[in-house]
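S.K.: Here's a structure for you.
The values are calculated or read from the model by the stated rules, or taken from the named source; none is laboratory data. Predicted model only: the values in this text are computed from it and were never measured. No Cβ is skipped: glycine too gets one built from the backbone with ideal geometry, and neighbour counts run over all protein chains shown.
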Ligand code: AMP
Ligand code: FES
Ligand code: ZN
């Protein structure tokens with residue numbers, strides 16, 4: 001097998017692109033693909049200060065690596081979720097990556113506020129991923145504001161986007177379909193734009209890039225992901241991709257080009273983000289933003305639990 005670009009022996013085959021690459025040409029191909037997504041979707045420019053949300057996994061660390069080596073101004077942000085050893089290892093990978101490359105990293109630990117995902121989930125009985133999503137969105141927005149960033153970049157890859165799109169279509173989640181884009185514009189002056197530069201880059205490609213660049217990342221999945229429907233959608237899409245390479249990229253790209261606009265609300269119907277949260281000062285629809293409402297629910301339920309287990313008072 002020869003490299004499609006330089007005809008040297010190839011190291012990796014990409015069936016979806018009908019190509020094979022040697023190491024140098026794969027890195028060139030990967031970086032060019034990310035650069036094209038950034039430019040084509042007008043994600044950010046050279047003068048932008050980019051908050052890269054890093055989980056410690058391959059996608060977000062590969063993204064940080066590409067952006068930093070392309071000379072973009074980045075600051076990493078890691079949210080330590082308090083999910084036992086998994087969170088500990090995730091944080092360590094982010095810290096060692098930042099140290100090795102001399103990059104700025106900001107870490108926020110939920111534990112500093114007496115919070116952790118397992119306790120929040122057990123108190124509220126909400127699905128872990130939904131509670132976790134609310135929390136991440138809040139801290140990403142707050143960190144961008146605090147650190148003076150113009151844009152938040154996440155490592156969502158093609159497999160994530162295809163699985164999310166399939167789930168949204170299966171349940172006709174029209175509001176989510178309207179917001180499934182590589183660039184989400186802010187709806188309030190305290191928010192910044194959110195971008196996904198890897199939205200057309202497959203998980204296999206980011207894993208290959210991370211391997212070739214010797215990025216030390218957390219291989220294990222979050223323990224709460226077990227049984228998540230997202231994994232079933234990924235498995236179905238993998239089967240389709242296997243028989244018909246390029247299916248995932250076509251599904252996502254064509255949705256963005258042709259399908260997405262069918263779900264967009266007219267500008268006049270687009271809701272404004274309303275007022276300010278009484279708890280944290282971030283934008284909110286009601287008195288509290290969804291993060292502070294979740295927090296209040298956790299506090300209420302934990303207080304009830306403590307009351308019901310404390311011994312009866314005797315005179
Ligand atoms: P996930 O929601 O786990 O699929 O992650 C999607 C993207 O969100 C990752 O590629 C990261 O950019 C970001 N992310 C996930 N978890 C964290 C975290 N704990 N801290 C910072 N960023 C995260
Ligand atoms: Fe949020 Fe797993 S990363 S629950
Ligand atoms: Zn709030």
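S.K.: Which residue is farthest from ligand 1 (Cβ to nearest atom), if the candidates are limited to the range 84-120 and must be modelled with pLDDT of 95 or more and in a loop (DSSP other than H, G, I, E, B)?
M.R.: 102
S.K.: Here's something else I'd like to know. Taking into account only those residues within the range 53-71 that are farther than 19 Å from residue 200 by Cα and surrounded by 21 or more Cβ atoms within 10 Å (Cβ to Cβ), which is nearest to ligand 3 (Cβ to nearest atom)?
M.R.: 55
S.K.: Just one of (1) within 28 Å of residue 40 (Cα to Cα); (2) more than 16 Å from ligand 2 (Cβ to nearest atom) trips up residue 282, so point out which.
M.R.: The single condition residue 282 does not satisfy is (1).
S.K.: Another question, if that's okay. Residue under question is residue 142, and the condition is that it be crowded, with 19+ Cβ neighbours inside 10 Å and in contact (Cβ under 8 Å) with a residue 40 or more places away in the chain; does it hold?
M.R.: When the stated conditions are applied, residue 142 does not pass them.
S.K.: Out of the range 208-233, which residues are crowded, with 18+ Cβ neighbours inside 10 Å and either touching a strand residue (DSSP E or B) at 6+ places or on another chain (Cβ under 9 Å) or under 24 Å from residue 30 (Cα atoms) (or both)?
M.R.: Once the filter is applied, which keeps residues that are crowded, with 18+ Cβ neighbours inside 10 Å and either touching a strand residue (DSSP E or B) at 6+ places or on another chain (Cβ under 9 Å) or under 24 Å from residue 30 (Cα atoms) (or both), the range 208-233 yields 208, 209, 210, 215, 217, 218.
S.K.: Tell me which helices (runs of 4 or more DSSP H) are completely within the range 157-244 and hold 3 or more residues being at pLDDT below 95 and closer than 14 Å to residue 255 by Cβ, or say none if there are none.
M.R.: Passing ranges, in order: 174-179.
S.K.: Let me ask something additional. Could you run through the range 75-116 and say how many residues are surrounded by fewer than 21 Cβ atoms within 10 Å (Cβ to Cβ) and without any contact (Cβ under 8 Å) to a residue 24 or more places away in the chain?
M.R.: Total satisfying the criteria: 9.
S.K.: Looking only at the range 125-156, which residues are away from ligand 3 (no atom under 16 Å from the Cβ) and modelled with pLDDT under 95?
M.R.: 125, 126, 127, 128, 129, 130, 132
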